[in-house]
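Working notes, structure below.
The values are calculated or read from the model by the stated rules, or taken from the named source; none is laboratory data. What you see is a predicted model, and the numbers here were worked out from it, not measured in a lab. FYI the Cβ positions are ideal-geometry reconstructions off the backbone, even for glycines, and counts take in every protein chain you see.
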Amino acid sequence: MTSHPEHLPVLLTEAVASLDVKPNGLYVDGTFGRGGHARAVLSELSAQGQLLGLDKDPAAIAAGEALATEDSRFSIEQCSFAELATPINARLWQGKVDGILLDIGVSSPQIDVAERGFSFQKDGPLDMRMNPDVGISAAQWLAKAEMADIEAVIKTLGEERYGKRIARAIVETREHTPITTTKQLAALVDKASPSREKNKHPATRTFQAIRIYINNELEDLKAGLEQALDVLAVGGRLAVISFHSLEDRIVKRYFRDQALGDDYPSDFPIRAADLNPRVRLIGKAIKAGKAELAVNPRARSAVLRVVEKLA
(Lines give C-alpha, C1' and ligand atoms only; values in the text may rest on other atoms or scores of the structure.)
Protein backbone atom coordinates (compact mmCIF):
# COMPACT_ATOMS: atom_id res chain seq x y z
CA MET A 1 0.00 0.00 0.00
CA THR A 2 1.30 3.44 -0.90
CA SER A 3 2.11 5.64 2.10
CA HIS A 4 -0.04 8.69 2.65
CA PRO A 5 1.47 11.97 1.46
CA GLU A 6 1.27 15.06 3.61
CA HIS A 7 -2.25 16.46 3.67
CA LEU A 8 -2.66 20.23 3.51
CA PRO A 9 -6.02 21.26 5.02
CA VAL A 10 -7.74 23.86 2.87
CA LEU A 11 -8.66 27.31 4.23
CA LEU A 12 -7.37 26.19 7.64
CA THR A 13 -7.02 29.59 9.32
CA GLU A 14 -10.24 30.94 7.82
CA ALA A 15 -12.32 27.86 8.67
CA VAL A 16 -11.23 27.72 12.31
CA ALA A 17 -11.63 31.48 12.73
CA SER A 18 -15.15 31.29 11.27
CA LEU A 19 -16.19 28.85 14.02
CA ASP A 20 -15.38 31.51 16.66
CA VAL A 21 -14.22 28.71 18.95
CA LYS A 22 -15.29 28.89 22.60
CA PRO A 23 -12.60 27.34 24.82
CA ASN A 24 -15.10 25.20 26.76
CA GLY A 25 -17.31 24.44 23.75
CA LEU A 26 -18.49 21.30 21.98
CA TYR A 27 -17.41 20.98 18.34
CA VAL A 28 -17.81 18.53 15.46
CA ASP A 29 -15.46 17.98 12.53
CA GLY A 30 -17.81 16.14 10.18
CA THR A 31 -15.06 15.31 7.66
CA PHE A 32 -11.99 14.44 9.77
CA GLY A 33 -9.73 13.34 6.91
CA ARG A 34 -6.24 13.40 8.39
CA GLY A 35 -7.08 15.80 11.18
CA GLY A 36 -5.65 19.09 9.97
CA HIS A 37 -8.71 21.15 10.81
CA ALA A 38 -9.37 19.07 13.95
CA ARG A 39 -5.94 19.75 15.43
CA ALA A 40 -6.38 23.46 14.79
CA VAL A 41 -9.74 23.45 16.61
CA LEU A 42 -8.22 21.49 19.51
CA SER A 43 -5.52 24.14 19.82
CA GLU A 44 -8.29 26.65 20.60
CA LEU A 45 -10.04 24.50 23.22
CA SER A 46 -9.47 24.40 26.96
CA ALA A 47 -9.22 21.17 28.98
CA GLN A 48 -13.03 21.23 29.25
CA GLY A 49 -13.71 21.61 25.51
CA GLN A 50 -14.51 18.59 23.35
CA LEU A 51 -14.26 17.76 19.65
CA LEU A 52 -15.96 14.88 17.85
CA GLY A 53 -14.60 13.75 14.49
CA LEU A 54 -16.61 11.87 11.87
CA ASP A 55 -15.50 10.15 8.68
CA LYS A 56 -16.48 7.25 6.42
CA ASP A 57 -12.94 6.38 5.37
CA PRO A 58 -11.24 3.60 7.39
CA ALA A 59 -7.85 5.28 6.89
CA ALA A 60 -9.23 8.51 8.35
CA ILE A 61 -10.66 6.58 11.30
CA ALA A 62 -7.24 5.05 11.99
CA ALA A 63 -5.69 8.53 11.99
CA GLY A 64 -8.47 9.77 14.28
CA GLU A 65 -8.03 6.92 16.73
CA ALA A 66 -4.34 7.77 16.96
CA LEU A 67 -5.22 11.38 17.75
CA ALA A 68 -7.77 10.26 20.36
CA THR A 69 -5.03 8.37 22.22
CA GLU A 70 -2.99 11.57 22.32
CA ASP A 71 -5.78 13.93 23.32
CA SER A 72 -8.67 12.95 25.62
CA ARG A 73 -10.71 15.94 24.41
CA PHE A 74 -11.07 14.24 21.02
CA SER A 75 -13.13 11.23 19.93
CA ILE A 76 -14.02 9.82 16.51
CA GLU A 77 -16.87 7.81 14.96
CA GLN A 78 -17.00 6.07 11.58
CA CYS A 79 -20.06 7.43 9.81
CA SER A 80 -21.12 9.93 7.20
CA PHE A 81 -21.87 13.48 8.28
CA ALA A 82 -25.31 12.74 6.83
CA GLU A 83 -25.80 10.70 10.01
CA LEU A 84 -24.18 13.14 12.42
CA ALA A 85 -27.25 13.40 14.64
CA THR A 86 -26.79 9.79 15.78
CA PRO A 87 -23.38 10.10 17.53
CA ILE A 88 -24.27 13.57 18.76
CA ASN A 89 -27.51 12.36 20.34
CA ALA A 90 -25.65 9.40 21.87
CA ARG A 91 -23.39 11.93 23.64
CA LEU A 92 -26.41 14.02 24.74
CA TRP A 93 -25.06 16.98 22.75
CA GLN A 94 -28.34 17.70 20.94
CA GLY A 95 -28.87 21.47 20.85
CA LYS A 96 -25.55 22.06 22.65
CA VAL A 97 -23.00 21.95 19.81
CA ASP A 98 -21.12 25.24 19.42
CA GLY A 99 -19.71 24.62 15.96
CA ILE A 100 -19.61 22.16 13.06
CA LEU A 101 -17.14 22.08 10.18
CA LEU A 102 -17.79 20.19 6.93
CA ASP A 103 -15.02 19.95 4.31
CA ILE A 104 -16.94 18.41 1.41
CA GLY A 105 -15.62 16.07 -1.26
CA VAL A 106 -12.59 13.86 -1.73
CA SER A 107 -9.43 14.52 0.31
CA SER A 108 -5.86 14.77 -0.96
CA PRO A 109 -4.80 11.45 0.64
CA GLN A 110 -7.68 9.70 -1.09
CA ILE A 111 -6.71 11.18 -4.46
CA ASP A 112 -3.00 10.54 -4.03
CA VAL A 113 -3.27 6.87 -3.09
CA ALA A 114 -3.65 5.03 -6.40
CA GLU A 115 -5.31 2.01 -4.78
CA ARG A 116 -8.35 4.10 -3.84
CA GLY A 117 -9.24 4.64 -7.50
CA PHE A 118 -10.10 8.34 -7.32
CA SER A 119 -7.38 9.70 -9.58
CA PHE A 120 -7.16 9.56 -13.36
CA GLN A 121 -3.48 10.48 -13.05
CA LYS A 122 -2.52 7.33 -11.15
CA ASP A 123 -3.31 3.80 -12.29
CA GLY A 124 -5.22 1.74 -9.78
CA PRO A 125 -8.41 -0.27 -9.23
CA LEU A 126 -11.50 1.67 -10.31
CA ASP A 127 -13.09 1.85 -6.86
CA MET A 128 -13.85 5.47 -5.76
CA ARG A 129 -15.68 4.49 -2.54
CA MET A 130 -14.86 6.68 0.46
CA ASN A 131 -15.61 3.62 2.57
CA PRO A 132 -14.33 0.64 0.53
CA ASP A 133 -16.30 -1.73 2.76
CA VAL A 134 -19.71 -0.31 1.81
CA GLY A 135 -21.65 -0.26 -1.46
CA ILE A 136 -20.46 -1.04 -4.97
CA SER A 137 -17.30 0.20 -6.66
CA ALA A 138 -17.23 2.44 -9.72
CA ALA A 139 -16.08 -0.55 -11.79
CA GLN A 140 -19.03 -2.66 -10.62
CA TRP A 141 -21.49 0.11 -11.43
CA LEU A 142 -20.04 0.83 -14.88
CA ALA A 143 -20.16 -2.89 -15.70
CA LYS A 144 -23.95 -3.06 -15.30
CA ALA A 145 -25.49 0.42 -15.53
CA GLU A 146 -27.70 1.36 -18.48
CA MET A 147 -26.14 3.74 -20.96
CA ALA A 148 -28.84 6.34 -20.26
CA ASP A 149 -28.04 6.22 -16.55
CA ILE A 150 -24.31 6.60 -17.15
CA GLU A 151 -24.97 9.54 -19.45
CA ALA A 152 -27.27 11.20 -16.90
CA VAL A 153 -24.68 10.88 -14.12
CA ILE A 154 -21.83 12.26 -16.23
CA LYS A 155 -23.91 15.12 -17.64
CA THR A 156 -25.63 16.09 -14.38
CA LEU A 157 -23.01 15.46 -11.71
CA GLY A 158 -19.99 16.19 -13.87
CA GLU A 159 -21.54 18.96 -15.95
CA GLU A 160 -19.85 17.23 -18.89
CA ARG A 161 -21.16 18.26 -22.31
CA TYR A 162 -19.81 15.09 -23.93
CA GLY A 163 -21.67 12.84 -21.51
CA LYS A 164 -23.50 10.94 -24.25
CA ARG A 165 -20.32 10.22 -26.23
CA ILE A 166 -18.50 9.06 -23.11
CA ALA A 167 -21.39 6.86 -21.93
CA ARG A 168 -21.60 5.22 -25.37
CA ALA A 169 -17.84 4.58 -25.36
CA ILE A 170 -18.07 2.98 -21.91
CA VAL A 171 -20.88 0.64 -22.97
CA GLU A 172 -19.20 -0.29 -26.25
CA THR A 173 -15.87 -0.96 -24.51
CA ARG A 174 -17.29 -3.11 -21.70
CA GLU A 175 -18.88 -5.46 -24.25
CA HIS A 176 -15.43 -6.87 -25.02
CA THR A 177 -13.16 -5.52 -22.24
CA PRO A 178 -14.06 -5.04 -18.56
CA ILE A 179 -13.28 -1.50 -17.35
CA THR A 180 -11.51 -2.16 -14.06
CA THR A 181 -8.75 0.45 -13.70
CA THR A 182 -8.52 4.23 -13.52
CA LYS A 183 -6.06 4.28 -16.43
CA GLN A 184 -8.52 2.41 -18.65
CA LEU A 185 -11.36 4.80 -17.90
CA ALA A 186 -9.21 7.91 -18.27
CA ALA A 187 -7.91 6.77 -21.66
CA LEU A 188 -11.43 5.86 -22.81
CA VAL A 189 -12.79 9.29 -21.85
CA ASP A 190 -9.84 11.03 -23.47
CA LYS A 191 -10.47 9.20 -26.73
CA ALA A 192 -14.22 9.89 -26.63
CA SER A 193 -13.79 13.64 -26.00
CA PRO A 194 -13.51 15.66 -29.23
CA SER A 195 -11.98 18.71 -27.53
CA ARG A 196 -9.98 19.67 -24.44
CA GLU A 197 -10.28 22.45 -21.88
CA LYS A 198 -7.06 24.32 -21.22
CA ASN A 199 -5.12 22.88 -18.25
CA LYS A 200 -7.80 20.25 -17.56
CA HIS A 201 -7.66 16.54 -18.33
CA PRO A 202 -10.69 15.38 -20.36
CA ALA A 203 -11.50 12.79 -17.67
CA THR A 204 -11.77 15.32 -14.83
CA ARG A 205 -15.53 15.84 -15.01
CA THR A 206 -16.33 12.16 -15.61
CA PHE A 207 -14.29 11.00 -12.62
CA GLN A 208 -15.92 13.69 -10.48
CA ALA A 209 -19.39 12.65 -11.58
CA ILE A 210 -18.91 8.94 -10.96
CA ARG A 211 -17.31 9.59 -7.56
CA ILE A 212 -20.20 11.81 -6.47
CA TYR A 213 -22.71 9.21 -7.61
CA ILE A 214 -20.97 6.20 -6.03
CA ASN A 215 -20.73 8.00 -2.67
CA ASN A 216 -24.17 9.66 -2.79
CA GLU A 217 -22.39 12.90 -1.99
CA LEU A 218 -25.02 15.49 -2.85
CA GLU A 219 -27.82 13.76 -0.95
CA ASP A 220 -25.48 13.29 2.00
CA LEU A 221 -24.68 17.00 1.89
CA LYS A 222 -28.36 17.97 2.00
CA ALA A 223 -29.00 15.63 4.93
CA GLY A 224 -25.89 16.81 6.73
CA LEU A 225 -26.81 20.49 6.45
CA GLU A 226 -30.27 19.89 7.93
CA GLN A 227 -29.01 17.73 10.78
CA ALA A 228 -26.22 20.17 11.56
CA LEU A 229 -28.66 23.01 12.16
CA ASP A 230 -30.82 20.76 14.30
CA VAL A 231 -28.01 19.83 16.69
CA LEU A 232 -26.37 23.26 16.93
CA ALA A 233 -26.90 25.41 19.98
CA VAL A 234 -28.39 28.87 19.47
CA GLY A 235 -25.37 30.96 18.54
CA GLY A 236 -23.55 27.91 17.22
CA ARG A 237 -21.88 28.09 13.81
CA LEU A 238 -21.86 25.85 10.76
CA ALA A 239 -18.92 26.26 8.38
CA VAL A 240 -18.88 24.41 5.05
CA ILE A 241 -16.03 24.18 2.55
CA SER A 242 -17.11 23.00 -0.91
CA PHE A 243 -15.03 22.39 -4.04
CA HIS A 244 -17.29 22.53 -7.06
CA SER A 245 -20.36 24.34 -8.28
CA LEU A 246 -22.92 21.64 -7.51
CA GLU A 247 -21.90 21.44 -3.85
CA ASP A 248 -21.55 25.17 -3.42
CA ARG A 249 -24.93 25.78 -5.05
CA ILE A 250 -26.60 23.46 -2.52
CA VAL A 251 -24.85 25.13 0.42
CA LYS A 252 -25.49 28.67 -0.83
CA ARG A 253 -29.19 28.06 -1.47
CA TYR A 254 -29.74 26.22 1.80
CA PHE A 255 -28.05 28.94 3.84
CA ARG A 256 -29.95 31.65 1.96
CA ASP A 257 -33.31 29.94 2.49
CA GLN A 258 -32.65 29.38 6.20
CA ALA A 259 -31.59 33.02 6.57
CA LEU A 260 -34.75 34.26 4.84
CA GLY A 261 -37.06 32.18 7.04
CA ASP A 262 -40.66 31.19 6.26
CA ASP A 263 -41.59 31.09 2.60
CA TYR A 264 -44.35 33.65 2.08
CA PRO A 265 -45.23 35.34 -1.25
CA SER A 266 -43.08 38.42 -1.82
CA ASP A 267 -46.12 40.73 -1.63
CA PHE A 268 -47.44 39.18 1.62
CA PRO A 269 -47.80 41.86 4.35
CA ILE A 270 -45.36 40.50 6.96
CA ARG A 271 -42.28 41.94 8.60
CA ALA A 272 -38.90 40.30 7.91
CA ALA A 273 -38.46 39.80 11.66
CA ASP A 274 -41.60 37.64 11.72
CA LEU A 275 -40.37 35.22 9.05
CA ASN A 276 -38.58 33.10 11.68
CA PRO A 277 -35.13 32.90 10.08
CA ARG A 278 -33.11 29.99 11.48
CA VAL A 279 -29.66 31.45 10.78
CA ARG A 280 -27.78 34.61 9.96
CA LEU A 281 -25.12 34.65 7.28
CA ILE A 282 -21.60 35.31 8.57
CA GLY A 283 -19.74 37.41 6.03
CA LYS A 284 -19.39 36.56 2.36
CA ALA A 285 -18.04 33.45 0.69
CA ILE A 286 -14.32 33.02 1.38
CA LYS A 287 -11.77 31.67 -1.10
CA ALA A 288 -8.11 30.78 -0.75
CA GLY A 289 -5.62 33.62 -1.04
CA LYS A 290 -2.48 33.80 -3.15
CA ALA A 291 -0.24 32.57 -0.35
CA GLU A 292 -2.23 29.37 0.14
CA LEU A 293 -2.62 28.75 -3.58
CA ALA A 294 1.16 28.99 -3.98
CA VAL A 295 1.67 25.98 -1.71
CA ASN A 296 -1.61 24.14 -2.32
CA PRO A 297 -3.03 24.57 -5.85
CA ARG A 298 -5.91 22.19 -4.99
CA ALA A 299 -7.37 24.98 -2.88
CA ARG A 300 -8.17 27.04 -5.99
CA SER A 301 -11.78 25.87 -6.19
CA ALA A 302 -12.52 25.86 -2.44
CA VAL A 303 -15.35 28.06 -1.15
CA LEU A 304 -16.08 28.57 2.56
CA ARG A 305 -19.57 29.66 3.69
CA VAL A 306 -20.63 30.19 7.30
CA VAL A 307 -23.89 30.68 9.19
CA GLU A 308 -24.81 31.19 12.84
CA LYS A 309 -27.93 29.58 14.29
CA LEU A 310 -30.58 32.01 15.56
CA ALA A 311 -33.27 29.61 16.81
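If only one of 253, 249, 211 is in contact with a Gly (Cβ under 9 Å, 6 or more places away or on another chain) and either at pLDDT 95 or above or part of a helix (DSSP H, G or I) (or both), which one is it? First the steps, then the outcome.
Details: 253 fails: in contact with a Gly (Cβ under 9 Å, 6 or more places away or on another chain); 249 fails: in contact with a Gly (Cβ under 9 Å, 6 or more places away or on another chain).
Testing whether each residue is in contact with a Gly (Cβ under 9 Å, 6 or more places away or on another chain) and either at pLDDT 95 or above or part of a helix (DSSP H, G or I) (or both) leaves just 211.
Of everything in region 230-246 that's part of a helix (DSSP H, G or I) and at pLDDT 95 or above, which residue is surrounded by the most Cβ atoms within 10 Å (Cβ to Cβ)? Looking at the filtered set, the residue picked out is 231.
A count restricted to region 261-299 and to residues that are loosely packed, with under 13 Cβ neighbours inside 10 Å, modelled with pLDDT under 90 and not aliphatic (A, V, I, L, M) stands at 12.
Beta carbons closer than 7 Å, at least 6 apart along the sequence or on distinct chains, pair a first residue in region 252-266 that is of a type outside the set (Asp, Glu) with a second that is modelled with pLDDT of 95 or more and part of a helix (DSSP H, G or I) for 254/225; 258/229. For region 29-39, the criterion of being among the hydrophobic types (A, V, I, L, M, F, W, C) and either part of a strand (DSSP E or B) or out of contact with any Leu (no Cβ under 9 Å at 6 or more places or on another chain) (or both) is met by none of the residues.
Considering only region 218-229, I want to know if a residue exists there that is farther than 15 Å from residue 130 by Cβ, in contact with a Lys or Arg (Cβ under 7 Å, 6 or more places away or on another chain) and assigned to a strand (DSSP E or B). So far as region 218-229 goes, no, none of its residues is farther than 15 Å from residue 130 by Cβ, in contact with a Lys or Arg (Cβ under 7 Å, 6 or more places away or on another chain) and assigned to a strand (DSSP E or B). Here is the figure for region 120-139: residues that are closer than 10 Å to residue 57 by Cα and charged (D, E, K, R) total 2.
Being over 21 Å from the mean Cα position of the chain (by Cα) and either buried (at least 20 other Cβ atoms within 10 Å of the Cβ) or at pLDDT below 95 (or both) is a property that does not hold for residue 58.
In region 15-28, what residues are assigned to a loop (DSSP other than H, G, I, E, B), among the polar types (S, T, N, Q) and crowded, with 21+ Cβ neighbours inside 10 Å?
Within region 15-28, no residue meets the criteria.
One line per residue, one yes/no per condition, for (1) more than 22 Å from the chain's Cα centre (by Cα); (2) in contact (Cβ under 8 Å) with a residue 24 or more places away in the chain:
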| position | (1), (2) |
| --- | --- |
| 126 | no, yes |
| 131 | no, yes |
| 145 | yes, no |
| 168 | yes, yes |
| 171 | yes, yes |
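Within region 71-103, the set of residues being assigned to a loop (DSSP other than H, G, I, E, B) and in contact (Cβ under 8 Å) with a residue 60 or more places away in the chain comprises 80, 84, 93, 94, 95, 96.
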